[in-house]
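Note sheet for the following structure.
The values are calculated or read from the model by the stated rules, or taken from the named source; none is laboratory data. No experiment lies behind these values; they were computed from the predicted model shown. Positions of Cβ are generated from backbone atoms using ideal geometry, with glycine treated the same way; all protein chains shown enter the neighbour counts. Quick note on the areas: whole protein, heavy atoms, side chains included, nothing else; ligands and nucleic acids left out. Shrake-Rupley method; radii C 1.70, N 1.55, O 1.52, S 1.80 Å.
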Amino acid sequence: QHLEREKWLVLFVLRDTSVLENDSLLQMHFKTLSSVFDEIHVLIIAESWQAKRGVERIGTNIWAYTTSAKYWWSEPFSALTIAKTELQFTDGFRPDLVVAFDPFEAGLSGLLIARKFNRDFQVHVTEDFYTDEFKNREVENKWRLRIAKYVLKRTQSVRTTTKIIAEEITKKFKHIKDISVLPRHYDIAAIIEATNSDALPDAFPQFAFVALFVGKLDYESTLFRTIDATRAILHSKSIGLVVVGDGPNKKEFQQRAEILGIQDQIIFQKDESKLISYLKSANILLCTDTTEASDEIVIKAAAAGLPLLIAKTQLREDLFVDGESAFLCDKEDTVDFSQKLAKFLNMNSLREQFSLNAKDIIKNRLHEDPEAYKLAYRDSIESVFALEDGREELIKQ
């Protein structure tokens with residue numbers, strides 16, 4: 001009977017508890033999608049120390065269920081139990097489709113649930129888990145690699161955040177019939193409109209050239225690399241590095257600037273609400289961070305027409321071409337950052353070229369219209385229904 005519905009009921013399985021926080025990015029993501037699905041059910045696999053919160057309604061048609069287990073490897077079975085308890089009714093299992101937000105614990109949980117209730121299944125892969133960085137990050141990750149292999153061998157529909165990850169998965173799992181990159185949405189028009197306004201004054205008139213760094217100053221921050229890459233040019237009084245952000249490691253970075261004798265050329269700004277003004281006033285964005293949050297900053301800067309000197313991430317390599325629309329560096333190559341910064345400093349025409357090319361890429365590659373984005377996201381998920389033997393493959397293996 002569910003096949004006759006105009007809008008589908010979807011169960012998302014994930015490990016990120018921020019969905020329970022009011023107005024968090026993840027919660028807002030689901031609230032955005034609530035108009036294109038009949039019901040959204042979110043099953044959160046929490047750490048064992050996090051208290052179970054039962055069933056919570058986080059939107060008009062959005063429900064969240066939290067589960068945990070003493071041992072991480074038993075979490076998928078705990079998730080299956082929650083699905084049976086909360087989502088199975090006399091007329092059957094409520095969701096039409098199960099979507100896992102990673103191929104690890106969430107992936108295995110989603111696979112078990114989809115198999116048990118004969119539902120279509122899709123896995124989202126948001127990071128390249130074949131890198132040494134992933135393997136070394138947590139002790140359990142070597143087991144997660146095995147889980148991912150098990151899950152992806154039994155999955156027909158996969159969505160990734162970049163084209164590079166999609167190509168990697170396609171090479172390793174040739175049986176997957178339905179694989180593509182998820183649509184993304186950024187409020188590009190608002191950024192462009194704001195930075196085009198002549199009402200914004202120059203935030204840093206004391207400098208002729210400004211490199212901008214934006215990011216949280218915590219243990220993950222790579223501001224030290226930005227400082228080291230700019231140290232040579234910062235001995236000139238007409239050049240400044242503006243750091244927008246705050247965090248527990250801020251004092252360490254300030255001490256680093258003092259040791260190098262360039263503290264007067266580095267301005268620390270806490271107020272991120274003035275980001276548009278900073279983007280308009282700077283000459284380049286220098287981004288050595290590789291976090292998802294820093295990807296957002298890169299997109300905003302490109303939309304604002306700010307030339308980019310950035311560390312490589314899969315998303316950035318997917319969007320920009322080194323030497324044509326941005327300068328991309330290996331994230332630990334301080335010398336390359338420094339050399340490319342010198343090129344930017346000395347070649348105004350290069351900055352203009354990068355500005356136009358990056359802005360054009362953002363306009364053409366990323367979704368601006370919120371409605372178009374929601375429909376594209378819905379269609380990307382619901383394409384799993386077109387796979388004739390998807391469920392049979394889940395059950396067979």
- Cα Rg, Dmax (largest Cα-Cα span) when computed across the stretch 1-158, Å: 15.2, 47
- Acute angle (nearest 10 degrees) that the helix 348-365 long axis makes with the longest principal axis of the chain, alpha-carbon atoms: 20
- Task: Kindly work out what percent of the DSSP beta bridges joining two residues of the stretch 1-121 are antiparallel, to the nearest 5.
- Result: 25
- Item | Accessible area in the full protein assembly, largest first, 1.4 Å probe, for 101, 117 | 101, 117
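If R0 is 22 Å, what FRET efficiency do you get for residue 29 and residue 163 from their C-beta distance, rounded to 0.05? The partial results should precede the final answer.
On the way: r = 21 Å, r/R0 = 0.96.
Efficiency computed from Cβ-Cβ geometry: 0.55.
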- Carbon plus sulfur, as percent of the 1.4 Å-probe accessible area of the chain, comes to 48
- Task: About the Cα centre of the stretch 1-125, how large is the charge dipole given +1 on each Lys and Arg Cβ and -1 on each Asp and Glu Cβ? Please answer in debye to the nearest 20.
- Result: 300
- Note on the structure: Of all DSSP beta bridges having both residues in the stretch 82-226, the percent classed as antiparallel (nearest 5) is 15
- Which of 339, 54, 277, positive extreme of dipole for the chain (C-beta unit charges): 54
- Message: To the nearest 20 Debye, how big is the dipole of the chain about its Cα centre, given +1 on the beta carbon of each Lys and Arg and -1 on that of each Asp and Glu?
- Response: 820
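Could you sort 252, 296 by accessible area so the largest value comes first, with the probe set to 1.4 Å? If you can, show how the numbers build up before the last one.
On the way: 252 115, 296 65 Å².
Ranking 252, 296 by accessible area, largest first, yields 252, 296.
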- Of the candidates 19, 35, 73, the farthest towards the positive dipole end of the stretch 1-139 (Lys/Arg Cβ +1, Asp/Glu Cβ -1, centred on the Cα centre) is 73
- Item | Within the chain, percent of DSSP bridges classed antiparallel, to nearest 5 | 10
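Return the subset of 149/177; 149/171; 149/172; 84/149; 149/331; 172/312 for which the Cα-Cα distance in this structure is over 18 Å, preserving the input order. Please list the in-between numbers first.
On the way: 149/177 16 Å; 149/171 13 Å; 149/172 9 Å; 84/149 26 Å; 149/331 28 Å; 172/312 23 Å.
Going by Cα-Cα distance, 84/149; 149/331; 172/312 fall outside the 18 Å limit.
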- The simple spin-label model distance between residue 255 and residue 71, using points 7 Å out along Cα→Cβ, in nm, is 4.3
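Classify the stretch 75-142 as rounded, prolate or oblate from the Cα gyration tensor: take a ≥ b ≥ c as the square roots of its eigenvalues, call it rounded if a/c is under 1.5, otherwise prolate when a/b beats b/c and oblate if not.
Numbers: a/c = 4.14, a/b = 2.28, b/c = 1.81.
It comes out prolate by the Cα gyration axes.
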- Enter the angle in degrees (range 0 to 90, nearest 10) between the Cα long axis of helix 105-116 and the first principal axis of the Cα atoms of the chain, meaning the one along which they spread out most. 20
- Note on the structure: If every Lys and Arg gets +1 and every Asp and Glu gets -1 at its Cβ, then about the Cα centre the stretch 236-316 yields a dipole, in debye to the nearest 20, of 200
- Message: Just to verify a number: what accessible area does residue 90 come out at with the full protein assembly present, 1.4 Å probe, Å² rounded to tens?
- Response: 150
- Note on the structure: Scoring only Lys, Arg, Asp and Glu (+1, +1, -1, -1) among other residues with Cβ under 11 Å from the Cβ of residue 72 yields -2
- Task: Run the 1.4 Å probe and let me know the accessible area of residue 321, rounded to the nearest 10 Å².
- Result: 70
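So between residue 55 and residue 170, what do we pick up on full extension, going 0.36 nm a residue minus the alpha carbon distance? Display every interim value, and only then the final one.
Working: separation 115, 0.36 × 115 = 41.40 nm, distance 3.70 nm.
Stretched fully, the residue 55-residue 170 segment lengthens by 37.7 nm.
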- Task: Round to the nearest 0.05 the FRET efficiency obtained for residue 218 and residue 318 when R0 = 22 Å and r is the Cβ-Cβ distance.
- Result: 0.25
- Query: Using alpha carbons only, how many degrees (0 to 90, rounded to 10) separate the axis of helix 163-172 from the longest principal axis of the chain?
  - Reply: 50
- Note on the structure: The simple spin-label model distance between residue 180 and residue 47, using points 7 Å out along Cα→Cβ, in nm, is 3.7
- FRET efficiency (residue 379, residue 335; Cβ distance; R0 35 Å; to 0.05) is 0.20
- Task: Return, ordered by residue number, the residues of the stretch 149-187 whose backbone nitrogen is under 14 Å from a label point located 7 Å along Cα→Cβ of residue 386.
- Result: 157-158, 177-181
- the chain: D in µm²/s via Stokes-Einstein (Kirkwood Rh, Cα pairs, 10 °C, 1.306 mPa s)? 69
- Message: Can you give me the solvent accessible area of residue 7 with a 1.4 Å probe, rounded to the nearest 10 Å²?
- Response: 90
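With each run of n ≥ 4 DSSP H residues scored as -39500 (n - 2.57), what mean residue ellipticity at 222 nm is computed for the chain after dividing by its residue count and rounding to the nearest 500 deg cm²/dmol? Display every interim value, and only then the final one.
Values: 16 runs with 166 residues, N = 397.
Rounded to the nearest 500, the figure is -12500 deg cm²/dmol.
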